[in-house]
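Below: the structure, in structure tokens.
The values are calculated or read from the model by the stated rules, or taken from the named source; none is laboratory data. What you are looking at is a predicted structure, and each value in this text was computed from that prediction instead of being measured. No Cβ is skipped: glycine too gets one built from the backbone with ideal geometry, and neighbour counts run over all protein chains shown.
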Amino acid sequence: MKFKLFTFCIGFVLSSSFSTVSWAGKADSDNRSRANNVASTQMGDQAERSYSSYASTGSKYNNEYQPMLFGGGSSQNRGGELQKEDEKHNGKPLSKTINYYVRGLMQDLVGNLQYVNASTPVAVASFLLLDSDYSEASLLGNQISESLMHEIHKFGIPVIDYKTTDKIRVTEQGDLAFSRDYKVLSNDLPIRYIVVGTLVKHQGGYLVNARIVGAKSKAVVASAQSFIPAEVSGAIMASKQGSMRQRKSEVKMRSRKTKGVSLIQG
């Protein structure tokens, strides 16, 4: 009887101890699980804060630092300039510039070209508005002539740049070799043909009429027509210096006609 009672007591104690150990183990496991959940939540919060900080830094770089590094000025000023340009051109990026249309114009000229070859130098004049008195060119007309000089030279026809002087003038404003003053230009150049043209303002842009004429005979040896859309012609912007020069020229033109000089041999 005593042995059975003793055995029962030992069994009860061992069972109680086992239950206590099991409960303690479960409690410890629950505590570790809660700790892991808290740690995971804290890591998630920290990661979210880090991403927010990164996004904020990236946004600040795009909005502030990048324009300052690559735009040459403060982000506020640069952003205002870009906004003005976008508003001016309706926010549409140009896929083709004026050079594209001049290239097509040159291809049409070459398609019906006569007599002009590698031994017949040509000069390119400014393109003038058809409804003007042919006394002054626009920035668009001057740019068309500049682009045509490049295309004609690429084709292999010698081009004479008659605005180049015989010397380089070194000044505080720059080292200058071009001039529009006929008094300092050569008046004896081997020009055989002249590329001339007119512009007609159209509702959607400009109609362009181009031709190559003999310097002496005045005979047309090539002709071409093209169209420059308004968004392309409007993308050409005059500088402040060019605008001032144009206003001064308009004042002079009211008082007297501009003199010219023959640049052709013979």
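Quick notes
- Residues in segment 131-174 that are farther than 21 Å from Asn209 by Cα, of a type in the set (A, V, I, L, M, F, W, C) and free of Cβ contacts under 8 Å to residues at least 12 places away in the same chain: Ile168, Val170.
- Filtering segment 186-200 to residues that are out of contact with any helix residue (DSSP H, G or I) (no Cβ under 8 Å at 6 or more places or on another chain) and either part of a strand (DSSP E or B) or at pLDDT below 90 (or both) leaves Ser186, Asn187, Asp188, Leu189, Tyr193, Ile194, Val196, Thr198, Val200.
- One residue from Phe178, Phe155 being aromatic (Phe, Trp, Tyr) and surrounded by 13 or more Cβ atoms within 10 Å (Cβ to Cβ): Phe155
- Residue selection: Glu136 fails the criterion of being modelled with pLDDT under 95, more than 20 Å from Lys218 (Cα to Cα), assigned by TED's automatic domain parsing to the domain that holds Ser239 and surrounded by fewer than 14 Cβ atoms within 10 Å (Cβ to Cβ).
- Enumeration of residues in segment 105-151 that are part of a helix (DSSP H, G or I) and hydrophobic (A, V, I, L, M, F, W, C): Leu105, Met106, Leu109, Val110, Leu139, Leu140, Ile144, Leu148, Met149
- Residue count, segment 122-133 (criterion: surrounded by 13 or more Cβ atoms within 10 Å (Cβ to Cβ) and of a type outside the set (A, V, I, L, M, F, W, C)): 2
- Count of segment 216-229 residues which are touching a Phe, Trp or Tyr at 6+ places or on another chain (Cβ under 8 Å) and of a type in the set (Gly, Ala, Ser): 1
- Which numbered condition Asn209 fails, given (1) closer than 13 Å to Val124 by Cα; (2) crowded, with 16+ Cβ neighbours inside 10 Å: (1)
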